[in-house]
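**Student:** Provided herewith is a single structure, encoded as structure tokens, for subsequent inquiry.
Computed from the coordinates by the stated procedures, all read-outs in this text should not be read as laboratory data. Worth saying up front: this structure is predicted, and the values here are computed from it rather than measured. Quick reminder, even Gly has a Cβ in these numbers, built from the backbone with ideal geometry, and neighbours come from all protein chains shown.
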Amino acid sequence: MNNNTILKGIYLFINIIIFVGLAAFCYFNMDKTVEYFCPLMQKTYTTHLIFLVCMVFAAAYVAGYAVCSIFKQKLSDKCSAYEKRHENISVANESDKARIQTLEAKIETLEAALKNALDNK
């Protein structure tokens, strides 16, 4: 098993534990109500606790997904930039190797010409 599989399993386990805890909390507090004051409307509202908990849970889940999506996009952009940089470096290395081979061939030609010139003297 690789490291990513273990991390995914731990993440899934933590999500299940949180969801089960939330479900148990809602089950045991289903009959409780909450009163809150809205300063904008100048009224006091009464609602069941389960509705508030579910709304907060859903909002937190959506916000977490949005933040993770942003980080994932940034990481993906960095990875693609790194790949492009690596390609440019490898192309430059291949170009340098071709230049070196050309220069070595020229040196061999000049050495052969010099040897022939010295032998013909």
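**Student:** Let's see if you can work this out: charge +1 on each Lys and Arg Cβ, -1 on each Asp and Glu Cβ, no other charges. What is the dipole magnitude of region 31-120 about its Cα centre, in debye to the nearest 20?
**Tutor:** 500
**Student:** For PHE25 and ALA59 in the same chain, what is the full-extension length gain: residue separation times 0.36 nm, less their Cα-Cα distance, in nm?
**Tutor:** Result for the pair: 10.5 nm of gain on full extension.
**Student:** Suppose a student asked you for the relative contact order of region 31-120, using Cα pairs under 8 Å spaced at least 6 residues apart; what percent would you report?
**Tutor:** Reported relative contact order: 13 percent.
**Student:** Then there's this: Full-extension gain between ASN3 and GLN73, please, as 0.36 nm times their residue separation minus the C-alpha to C-alpha distance.
**Tutor:** The ASN3-GLN73 span can extend by a further 23.0 nm.
**Student:** Between region 1-51 and region 62-88, how far is it from one alpha carbon centroid to the other, in angstrom?
**Tutor:** Centre-to-centre distance over Cα atoms comes out at 30 Å.
**Student:** If you bin every alpha carbon distance in region 1-86 into 10 Å steps from zero, what whole percent lands in each bin?
**Tutor:** 14, 25, 27, 18, 11, 5, 0
**Student:** Could you go through region 32-37 in sequence order and give the Karplus-derived ³J(HN,Hα) for each residue, using 6.51 cos²θ - 1.76 cosθ + 1.60 with θ = phi - 60°, rounded to whole Hz, and x for Gly and Pro?
**Tutor:** With the stated coefficients, region 32-37 comes to 7, 10, 10, 10, 9, 9 Hz.
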